[in-house]
Structure formats: C-alpha cells, structure tokens
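Written out below as structure tokens is the structure these notes cover.
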Amino acid sequence: MIERGIASWYGPGFDGRRTASGERYRRTSMTAAHRSLPFGTRVQVKNVENGATVVVTINDRGPFARGRVLDLSYQAARELGVSGPGTANVELAILGDDPPATRYTVQVGAFSDPDYALLLHRELKRTYPEAYVHSDGIWNRVQVGLFTDRENAEDLRRELGAMGMSAIVVAAAH
C-alpha cells in the first residue's frame, strides 16, 4: 500500500474531454487522476468499506477537492461501489513489476533550430496545453500528449490533420 484516503469520481460532462496526459477521458475506461503519480502508472484501488478492488491507469491530474487522493472514471467508481455515495475510503497500491508499457506521443514537427520549435509550440499550446518540446541536442521535436493506448494517439493525430497539421504518432522517450 502506498496511500490511503478518500476517492471520488468524475461527474457527468467530462466524457470526451482531454486529460492532463492528452488522452480523452472515457467514462467506460478504467482510469483515474492522481496528483503526482506518473501517467501510465497502474494502481490497484481497494474500497476499504466493501473490499472491492479495481486496477486503474493514471492518465490525469487531480483530484483538486481537499482531502481526496484519487478521482476515478465512472466505470472504476461503479465497480468499486463509489458511484452511488460519491466517495469512499480507499487504499492504493502501485502495480509495478511489469516492464514499462510503450507510451506514445503525437509529433507535429522536428527542427534543428530551437526557435522554430518554440514558435510551433507556442501556437499549439493555445489549443493543446499538454504540448511540449523534446530536445536531444540535435533535434527539437514538438509533441503533444502522452498516451498508453496508441489508438488515443491516433485520434489526436487525425484531429490535428483535420486542422491542416501534418503529424505522426511516435513512441515517447522514457
């Protein structure tokens, strides 16, 4: 066990919105928001009141309500018995013996000149706050989001393409 506290769940109206990781929130996914655990971390959540357990993947930041340690997707909350009362006392345990899963990002540009990368980054940041520049000293790659599911990354690539931006899905640097 790494943490105990109160879990809540995302209320209605969040389905389809982007999470802090860049993935779209899906109420039927087994995901959660945590203030500091890395995106992609798998966590076992136990409802100490009824003994139910689920495994969720961290893909967002929060909760922002005082005294809470986790915001669950609707599906995870339902399986834990939290969706009715709205909150429950939980214990969290990181599941970390598996090798790290491949994570994906959407690359919108790669520049040898960092100034060009910063210009594109600034433009993207207006619509995609999760945009960032990854530099290896030679290339300055403008990327958006961090996904554990390639299909979510492909959704973003198609969205950017519809806006006239050329983009590709790449494996994220760990």
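Since every read-out is calculated from the coordinates, none of them should be taken as a lab result. Just so you know, these numbers come straight off a predicted model, no measurement behind them. Glycine gets a Cβ as well: all are built from the backbone with ideal geometry, and neighbour counts include every protein chain shown.
When peptides 158-171, 121-134 are sorted by average Cβ neighbour count within 10 Å, with the highest value leading, the order is 121-134, 158-171. Couplings 3J(HN,Hα) for segment 42-54, derived from phi with the Karplus relation 6.51 cos²θ - 1.76 cosθ + 1.60 (θ = phi - 60°), are 8, 10, 8, 10, 10, 7, 6, 7, 10, x, 5, 10, 9 Hz, where x marks Gly and Pro.
When N is the residue count of segment 11-102, what does its C-alpha Rg come to as a fraction of 2.2 N^0.38 Å? Walk me through the intermediate numbers first.
Values: Rg = 12.4 Å, N = 92, 2.2 N^0.38 = 12.3 Å.
Against the compact-globule rule of thumb, the ratio is 1.01.
So, R0 is 22 Å and r is the distance between the beta-carbons of residue 2 and residue 87; what FRET efficiency does that work out to, to 0.05? Please list the in-between numbers first.
Numbers: r = 19 Å, r/R0 = 0.88.
Between residue 2 and residue 87 the formula returns 0.70.
Treating only the Cβ of Lys, Arg, Asp and Glu as charged (+1, +1, -1, -1), what charge dipole size does the chain show about its Cα centre? Round to the nearest 20 debye. Mind showing how you got there, number by number?
Details: 21 positive and 20 negative charges, 87 e Å.
Dipole of the chain, to the nearest 20 debye: 420 debye.
For segment 1-56, the normalised intensity computed at q = 0.29 Å⁻¹ comes to -1.44 (log10 of I(q)/I(0), Debye sum over alpha carbons, equal scatterers, no solvent).
Return a whole-number percent for the relative contact order of segment 12-106, with Cα pairs under 8 Å and 6 or more residues apart as the contact set.
Details: 170 pairs, mean separation 29.5, N = 95.
Here the relative contact order equals 31 percent.
The calculated FRET efficiency for residue 136 paired with residue 20, based on their beta-carbon distance and R0 = 30 Å, is about 0.80. Give the angle, between 0 and 90 degrees and rounded to the nearest 10, that separates the Cα long axis of helix 114-125 from the longest principal axis of the Cα atoms of the chain. The helix 114-125 is inclined about 50 degrees to the chain.
Less than 15 Å Cβ to Cβ from residue 47, Lys/Arg counted +1 and Asp/Glu -1: what total charge do the surrounding residues give? Taking every other residue near residue 47 into account, the sum is -1. Principal-axis analysis of the Cα atoms of the chain puts helix 150-162 at an angle of about 50° to the longest axis.
Take peptides 53-60, 16-23 and line them up by average Cβ neighbours within 10 Å, highest first, as a rough protection proxy.
Details: 53-60: 21.4, 16-23: 19.2.
With the highest mean Cβ count within 10 Å placed first, the list reads 53-60, 16-23.
Multiply the residue separation of residue 158 and residue 123 by 0.36 nm, subtract the distance between their alpha-carbon atoms, and state the gained length in nm to one decimal.
Values: separation 35, 0.36 × 35 = 12.60 nm, distance 1.80 nm.
Contour length minus Cα-Cα distance gives 10.8 nm.
The equivalent ellipsoid that matches the C-alpha gyration tensor of segment 51-125 spans semi-axes of 37, 17, 11 angstrom, in descending order. This model, with +1 at the C-beta of Lys and Arg and -1 at the C-beta of Asp and Glu, gives segment 118-174 a dipole about its Cα centre of some 220 debye.
When every Cα-Cα distance of segment 131-174 is counted in 5 angstrom steps from zero, the calculated P(r) takes the values 5, 21, 30, 25, 13, 6, 0 percent.
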